[in-house]
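Scroll down for the structure; my scribbles are underneath it.
The values are calculated or read from the model by the stated rules, or taken from the named source; none is laboratory data. Bear in mind that the values here come from a model prediction, so they are computed numbers and not experimental data. Cβ placement follows ideal geometry from the backbone for every residue including glycine, while neighbour counts extend to all protein chains displayed. For accessibility, only protein heavy atoms count, side chains too; no ligands or nucleic acids. Shrake-Rupley method; radii C 1.70, N 1.55, O 1.52, S 1.80 Å.
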Amino acid sequence: MITTTLSILLLNLASLASGFTIQRKSVSTRKSFSTSSCLHAAPDSLQDLVNTSNLWDPIKNDLNSVPAFACTNDQGQPMQYDVGSGPLAFFFLDVDAAKVELQKAKEDTKMEGLNIVPFPLGEVFEMGVKKLAMIVPSQKCIEDAGAPSGMNPMGQQVPLFGCLDMTEDLADGTSMVPLFLSMDEAKEAMNMALADVPEAEKVKFDVTIMPLAGAVQMQASNSDKSFTYVAPRSSLDYLLSLDDPQH
């Protein structure tokens with residue numbers, strides 16, 4: 001049976017996908033994202049931010065469209081891991097890594113009822129700020145962001161990928177900059193948007209890499225910085241497989 005959390009995720013993801021088109025901003029009228037016209041005082045720390053509901057709640061809602069996967073016990077509660085500073089729940093942004101962790105947990109603990117459960121990233125991010133959880137990026141993701149091959153993704157910052165000169169027109173009529181958890185998918189989206197742009201102009205556009213925490217802080221400090229967070233296709237495919245009655 002589909003959990004309430006999964007139902008919310010599927011609704012958010014379906015809403016996001018329904019209006020997904022990325023359009024190039026006009027080069028001649030392109031507005032810099034460094035404008036100070038919409039700057040306002042932001043909380044001094046992420047801890048302060050998550051405790052400031054009028055700033056945090058809209059960002060949290062944006063993040064909640066992305067699932068993070070945890071290995072859970074038979075009560076649906078994320079398993080806790082002792083990392084030295086205290087117990088933490090691990091949430092994987094790579095569903096395949098979560099599957100590997102699930103198999104290891106089954107072999108190591110012999111517990112019954114272990115499973116993979118998706119949780120909204122906004123909720124998980126807040127848990128991370130409160131030192132209750134660790135968000136684990138994918139191996140490929142951190143390597144695409146410049147980490148050495150084979151580096152353990154545990155404890156690494158979550159990199160996001162996006163062309164800041166592109167916007168996504170959403171179903172509600174708003175336009176935002178999409179940030180991807182996959183370099184390949186970010187490049188694919190950018191190339192689709194630039195399909196009709198002359199080759200000489202395409203070199204002006206590229207994918208920017210920024211940490212998840214940095215993107216959140218940018219949104220909090222500047223209302224011009226409106227992002228959508230795009231889940232990897234593998235995560236969407238997994239959620240849709242759970243929604244399949246034959247699964």
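Structure summary
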| read-out | value |
| --- | --- |
| Subset tally (residues that are closer than 14 Å to Ala145 by Cβ, open to solvent by less than 80 Å² (accessible area, probe 1.4 Å) and in a helix (DSSP H, G or I)) for the stretch 186-210 | 1 |
| Pairs with Cβ under 8 Å, 6+ apart, first in the stretch 198-217 and more than 13 Å from Tyr229 (Cβ to Cβ), second among the aromatic types (Phe, Trp, Tyr) | Val207/Phe161; Thr208/Phe161; Ile209/Phe161 |
| Elements of type strands (runs of 3 or more DSSP E) in the stretch 60-131, at least 1 residues being under 21 Å from Val230 (Cβ atoms) | 67-72, 87-92, 115-120 |
| Filter result (among the aliphatic types (A, V, I, L, M) and in contact with a helix residue (DSSP H, G or I) (Cβ under 9 Å, 6 or more places away or on another chain)) within the stretch 121-146 | Leu121, Val124, Val129, Leu132, Ala133, Met134, Ile135, Val136, Ala145 |
| Options Leu179, Leu160: the member that is surrounded by 14 or more Cβ atoms within 10 Å (Cβ to Cβ), in a strand (DSSP E or B) and touching a residue at least 60 places away in the same chain (Cβ under 8 Å) | Leu160 |
| All positions within the stretch 128-145 that are open to solvent by 60 Å² or more (accessible area, probe 1.4 Å) and either of a type in the set (D, E, K, R) or at pLDDT 95 or above (or both) | Lys130, Lys131, Gln139, Lys140, Glu143 |
| Residue in the stretch 211-230 that is modelled with the lowest pLDDT, counting only those that are touching a strand residue (DSSP E or B) at 6+ places or on another chain (Cβ under 7 Å) and not in a helix (DSSP H, G or I) | Asn222 |
| Qualifying residue in the stretch 112-122 (condition: surrounded by fewer than 18 Cβ atoms within 10 Å (Cβ to Cβ) and more than 30 Å from Asn73 (Cα to Cα)) | no |
| Test: Asp96 is touching a Ser or Thr at 6+ places or on another chain (Cβ under 7 Å), at pLDDT 95 or above and of a type outside the set (S, T, N, Q) | yes |
